[in-house]
Amino acid sequence: MSKLQPVRGTADLLPDVMAQHLLVIDTARLATARYGFQEMATPVFEFSEVFTRPLGESSDIVTKENYSFADRGGEQLTLRPENTAGVVRAMISGGLTQSLPLKYFYAGPMFRYERPQKGRMRQFHQVGIEYLGPNDALADAEVISAGARFLAQLGVLQHCVLHLNSLGDLDSRAAYRAALVEFLKTHESALSDDSKRRLAVNPLRILDSKDAGDRDILQTAPKLADYLNAESKAHFQTLTSALDAAGVTWVYDPLLVRGLDYYCHTAFEFVTDAIGTQGTVLGGGRYDGLSEMLGGPAVAGVGWAAGVERLAMLAGDTVVAAPKVAIFSADTDTDTAAFRLAETLRDAGIDIDFPTAGTIGKKLKKAARSDIKLAIILGGDEMARKTVQLRDLTTGTQSEIAMTELADVVTAALLAP
Ligand code: ATP
Ligand code: MG
């Protein structure tokens, strides 16, 4: 240590950066509160067992990233690499399995001994949610929708693609694992060194390999989807129907896996190509086996974690998205009513721009050159009829809408692709 500097892979959060972090964290807290997730925190270090016990035979690979140490009393401790195991440990040790379901939000630092690079730190920060108790697909849909709403409110959802896969239940995964291992054994010598090691302990994780040679081999590998039993297929079908109904867009990604054995059914990631190679900003899945592996009762769970540094990078300085809807008063007689209508729509949760200066013609022209997609125009005739004109500035189509229905119509129009 010649100069006094922060440890490799760590960073100070000076006020500029801190402000970006807080915006990400506060947005996540508010968006997930809309679904009933309540904030809690676990200690930043735990007995090492909390992280090693659920990992079973794959532990040597996964724990090489862990910061572990013996304290002065000789206890083996680990700085948490993620928070799901800690939250489930808290549920078990606090006797909270009597009060299911539990919906938790957390934010805080995580620690992994990784090769530092852009978007990959040794101390980094996550926000996340865990939904403990339900094992049905609608709980997965809730958790994913909360993630999408958070990213939308941060103004970055349009830069992300939601990747979705089904890992199936225990039986489906065991059948697939056997078929995959049999196939990969015939290509073993051509696999990368990492994948050779994983073949013995954690073969599903090979699907996630970034190695070009591995990816070639995987082209012809058996597909997980072909090994899903009826129950697993039904779970995925219910989830995707719910997401479709809510207007959450997704792509099927058969190679998306969460490596550890306690994951089942749903795996998902929101991925962007706007911040370089470390493009996964939010990832999660269902982990019904975790509680038992930690020594607790069988409790189902689903959740996600998002990287604060990567989201702050993605959000940049334009963290608050500009409104896509504007209200225009046709003349001075309708100004007050238009102002009130703007407030009513904001109460309904819609971001509204309300340009004031200039003629309506000029204001509409200016809006067409901005992010505004929908123009709500209120004139004297409309006011008498308790309606407005709703114009789609992209297509130019216009229709007259009753004021009482406006919030619903606008919300639906904003969700439409
Ligand atoms: P990756 O494939 O990028 O290594 P991961 O599967 O290890 O991700 P998770 O454990 O799912 O990541 O963590 C959730 C999120 O936390 C990631 O999507 C990412 O945004 C963030 N994250 C994970 N590791 C780091 C790190 N070392 N530095 C910064 N952010 C990280
Ligand atoms: Mg990682």
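Structure values in brief
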{"read-out": "Segment 334-389 and segment 238-278: distance between their alpha carbon centers, rounded to Å", "value": "37 Å"}
{"read-out": "Sorted peptide list for 92-101, 281-290, criterion being average Cβ within 10 angstrom, highest first", "value": "281-290, 92-101"}
{"read-out": "Quotient of Cα Rg and 2.2 N^0.38 Å for segment 86-230, N being how many residues it contains", "value": "1.30"}
{"read-out": "Cα-based Kirkwood hydrodynamic radius, segment 355-398, one decimal, Å", "value": "11.1 Å"}
{"read-out": "Compactness of segment 246-396 - radius of gyration and Dmax, Cα, Å", "value": "23.2, 69"}
{"read-out": "Surface accessible to a 1.4 Å probe, per residue, for the residues of segment 70-216, Å²", "value": "43 Å²"}
{"read-out": "Charge sum, other residues only, whose C-beta stays under 12 Å from K233's C-beta, Lys/Arg counted +1 and Asp/Glu -1", "value": "-3"}
{"read-out": "Within the accessible area of segment 325-415 (1.4 Å probe), percent carbon and sulfur", "value": "52 percent"}
{"read-out": "Given charges at beta-carbon only (K, R positive; D, E negative), |dipole| of segment 325-415 in Debye", "value": "380 debye"}
{"read-out": "Descending semi-axes in whole angstrom, ellipsoid equivalent of segment 294-358, from the Cα gyration tensor", "value": "43, 19, 6"}
{"read-out": "Nearest-20 debye value, the chain charge dipole, Cβ charges on Lys, Arg, Asp, Glu", "value": "860 debye"}
{"read-out": "Rg and Dmax of the chain, Cα atoms only, in Å", "value": "24.8, 80"}
{"read-out": "Sites A402 and M40, calculated FRET efficiency, Cβ-Cβ separation with R0 41 Å, nearest 0.05", "value": "0.40"}
{"read-out": "Cα Rg over Rh - segment 161-217, Kirkwood", "value": "0.99"}
{"read-out": "Around W250: net Lys/Arg minus Asp/Glu count, Cβ-Cβ under 12 Å", "value": "-4"}
{"read-out": "Estimated [θ] at 222 nm from DSSP helical runs (n ≥ 4, -39500 (n - 2.57)) normalised by residues in the chain, nearest 500", "value": "-11000 deg cm²/dmol"}
{"read-out": "Sorted largest first, extent of segment 108-156 alpha carbons per principal axis (Å)", "value": "37, 28, 16"}
{"read-out": "Prolate/oblate/rounded label for segment 1-147 (Cα gyration tensor, a/c 1.5)", "value": "oblate"}
{"read-out": "Within a Gaussian network of the chain (alpha carbon springs, distance under 10 Å), most fluctuating of M121, M91, M18", "value": "M18"}
{"read-out": "Solvent-accessible surface (1.4 angstrom probe) belonging to K324, in square angstrom, nearest 10", "value": "80 Å²"}
{"read-out": "Cα gyration tensor shape for segment 325-415, rounded if a/c is under 1.5, else prolate or oblate", "value": "rounded"}
{"read-out": "The chain: DSSP helices with Cα axial extent of at least 20 Å and average Kyte-Doolittle hydropathy no lower than 1.0", "value": "none"}
{"read-out": "Of K185/K210; K64/K103; K64/K210; K363/K386; K103/K324; K118/K223, those spanning more than 25 Å from alpha-carbon to alpha-carbon", "value": "K64/K103; K103/K324; K118/K223"}
{"read-out": "Surrounding net charge for H265, when Lys and Arg each add one and Asp and Glu each subtract one, Cβ distance under 9 Å", "value": "-2"}
{"read-out": "Percent carbon-and-sulfur accessible area, segment 220-308, ignoring ligands, DNA and RNA, probe 1.4 Å", "value": "54 percent"}
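The values are calculated or read from the model by the stated rules, or taken from the named source; none is laboratory data. Quantities reported herein were computed from a predicted structural model and do not represent experimental measurements. Backbone-built Cβ (ideal geometry, glycine too); neighbour counts: all protein chains shown. Keep in mind that these areas ignore ligands, DNA and RNA; they rest on the heavy atoms of the full protein, side chains included. Shrake-Rupley method; radii C 1.70, N 1.55, O 1.52, S 1.80 Å.
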